[in-house]
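Worksheet: one structure, shown below.
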Amino acid sequence: MRLWLSNERFLTFASYNRSSKPVTNITKMADEKALSYIEASPQEDASAYGANYGAHREGMTKEEVAEYYSKWGYSGKYEEDLCPERYNGPKYGAEALVEAYPGNRESIHILDIAAGTGFLGEELHKRGFKKVDALDPAEGMLAMARKKNVYGRLLCEFMCEKRLPVENDTYDCTIIAGGMGEGHIPCVALHEMIRITKPGGLVVIVMREEYLDYVKEYKDRLEVLMQELEDAGKWESVSRVIVPNYSFDNNGVIFKYRVC
C-alpha cells in the first residue's frame with residue numbers, strides 16, 4: 001500500500017494493497033498527524049496505524065472501504081493491529097451499555113453496526129448481553145465474527161441512506177463503536193438507526209473525537225443533524241462524553257440518544 005502524505009513522502013505498508021491518490025487540504029491535518037505518529041512509534045505500532053489509516057482515505061467509496069476491510073479481516077492481521085493496547089472503542093461501547101442497562105441484559109436486543117470481526121460482540125457477551133445481531137458490509141469481517149458465536153443474525157449490509165432488511169422498532173439499542181470515519185457511515189444513516197430502534201430505545205455512537213473536525217462528512221454536519229433530529233422530536237440527547245485513549249492515543253467521544 002502506498003499512502004500519499006501531505007509532505008510529499010510515500011509510506012509503504014507492503015501487507016496492504018491499495019492505489020495512491022493525492023489528498024486535498026481537507027485531510028492535511030490527518031496526514032500530518034499520521035506521519036508524526038508513524039515516525040515516532042515502534043515499527044509494529046506504526047504498521048498498525050498505517051493499516052487503520054488505509055481504511056480512511058479521502059475519496060474512497062463505501063465499496064472500496066468494505067473491500068479493504070474484508071482483505072484486512074481475511075489476512076488475520078486486523079485483530080492484531082487493533083489490539084486493546086491500540087484500540088479501546090469496543091470496551092467503551094460495552095461499558096456505555098452496561099451503564100444504560102444495569103439489569104436484565106440477556107433480554108436487550110442490540111444491533112452492533114460496523115461489527116467488524118466481533119470485538120464489541122465479545123465485550124457485550126462478557127457483560128451479559130446475549131441477544132446481539134451484527135451488521136457489517138465486509139464479508140471478510142463477518143466471516144471472522146461468525147466464528148465467535150456471540151451473534152444471532154448477521155447482516156452483510158451497508159449502514160447508509162438505504163433501507164435495511166429490518167422491520168421498524170426492532171432493537172432496544174443500536175450501537176456503532178468504531179464505524180465512523182472517512183468513507184464510512186454517513187450522517188444520513190442516523191435516520192435509519194432511529195427507524196429500527198424502538199421508542200425509548202438507545203442509539204449509541206462511539207467514535208474518534210477528532211473526526212468531527214477533519215472528516216468532511218462529519219465536520220459541521222454530524223452534530224448539526226443530531227440537534228435537528230432532537231428539535232424534530234425524533235430523539236433526545238442522554239449524554240455526550242469525551243473519553244481518553246480511544247484509539248492510538250486519541251480521545252474518543254460517546255454520543256447516547258434515546259429514541260422518542
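The values are calculated or read from the model by the stated rules, or taken from the named source; none is laboratory data. All values derive from a computational prediction rather than experimental measurement. Positions of Cβ are generated from backbone atoms using ideal geometry, with glycine treated the same way; all protein chains shown enter the neighbour counts. SASA here: full protein model, heavy atoms, side chains in, ligands and nucleic acids out. Shrake-Rupley method; radii C 1.70, N 1.55, O 1.52, S 1.80 Å.
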note = Reported set for the range 233-254 where residues are closer than 18 Å to LEU202 by Cβ and either out of contact with any Leu (no Cβ under 9 Å at 6 or more places or on another chain) or at pLDDT below 95 (or both) is GLY233, GLU236, SER237, SER239, ARG240, VAL241, VAL243, GLY252, ILE254
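Inside the range 101-113, can you point out the residues that are crowded, with 24+ Cβ neighbours inside 10 Å and either closer than 17 Å to LYS71 by Cα or out of contact with any Leu (no Cβ under 8 Å at 6 or more places or on another chain) (or both)? Break it down into steps so the answer makes sense when it comes.
Keep residues of the range 101-113 that are crowded, with 24+ Cβ neighbours inside 10 Å, which gives 110-113.
Across the range 101-113, there are no qualifying residues.
Of all residues in the range 114-128 being among the hydrophobic types (A, V, I, L, M, F, W, C) and part of a helix (DSSP H, G or I), which is surrounded by the fewest Cβ atoms within 10 Å (Cβ to Cβ)? Write out each step before concluding.
Keep residues of the range 114-128 that are among the hydrophobic types (A, V, I, L, M, F, W, C), which gives 114-115, 119-120, 124.
Still in the running and part of a helix (DSSP H, G or I): 119-120, 124.
Values: PHE119: 26, LEU120: 32, LEU124: 28.
Filtering the range 114-128 for residues that are among the hydrophobic types (A, V, I, L, M, F, W, C) and part of a helix (DSSP H, G or I), the one surrounded by the fewest Cβ atoms within 10 Å (Cβ to Cβ) comes out as PHE119.
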message = Checking the structure you have, find out if any residue of the range 225-246 is within 29 Å of ALA51 (Cα to Cα) and in contact with a Cys (Cβ under 7 Å, 6 or more places away or on another chain).
response = no
inquiry  = Looking only at residues that are under 24 Å from GLU99 (Cα atoms) and open to solvent by 70 Å² or more (accessible area, probe 1.4 Å) in the range 210-237, which one is nearest to the chain's Cα centre (by Cα)?
reply    = GLU223
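Residue under question is GLY54, and the condition is that it be modelled with pLDDT of 95 or more, under 15 Å from the mean Cα position of the chain (by Cα) and closer than 26 Å to GLU139 by Cα; does it hold?
On the way: modelled with pLDDT of 95 or more: no; under 15 Å from the mean Cα position of the chain (by Cα): yes; closer than 26 Å to GLU139 by Cα: yes.
Judged against the criteria, GLY54 is not a match.
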query = Would you pick out the residues in the range 143-184 that are surrounded by fewer than 21 Cβ atoms within 10 Å (Cβ to Cβ), among the charged types (D, E, K, R) and part of a loop (DSSP other than H, G, I, E, B)?
reply = LYS147, LYS148, ARG153, GLU157, GLU161, LYS162, ARG163, GLU167, ASP169
Single residue of ARG195, ARG258, ARG153 found to be at pLDDT 95 or above, farther than 14 Å from ILE113 by Cβ and among the basic types (Lys, Arg) = ARG258
ask   = Is it the case that GLY140 is buried (at least 19 other Cβ atoms within 10 Å of the Cβ), under 18 Å from VAL65 (Cβ atoms) and touching a Gly at 6+ places or on another chain (Cβ under 8 Å)?
value = yes
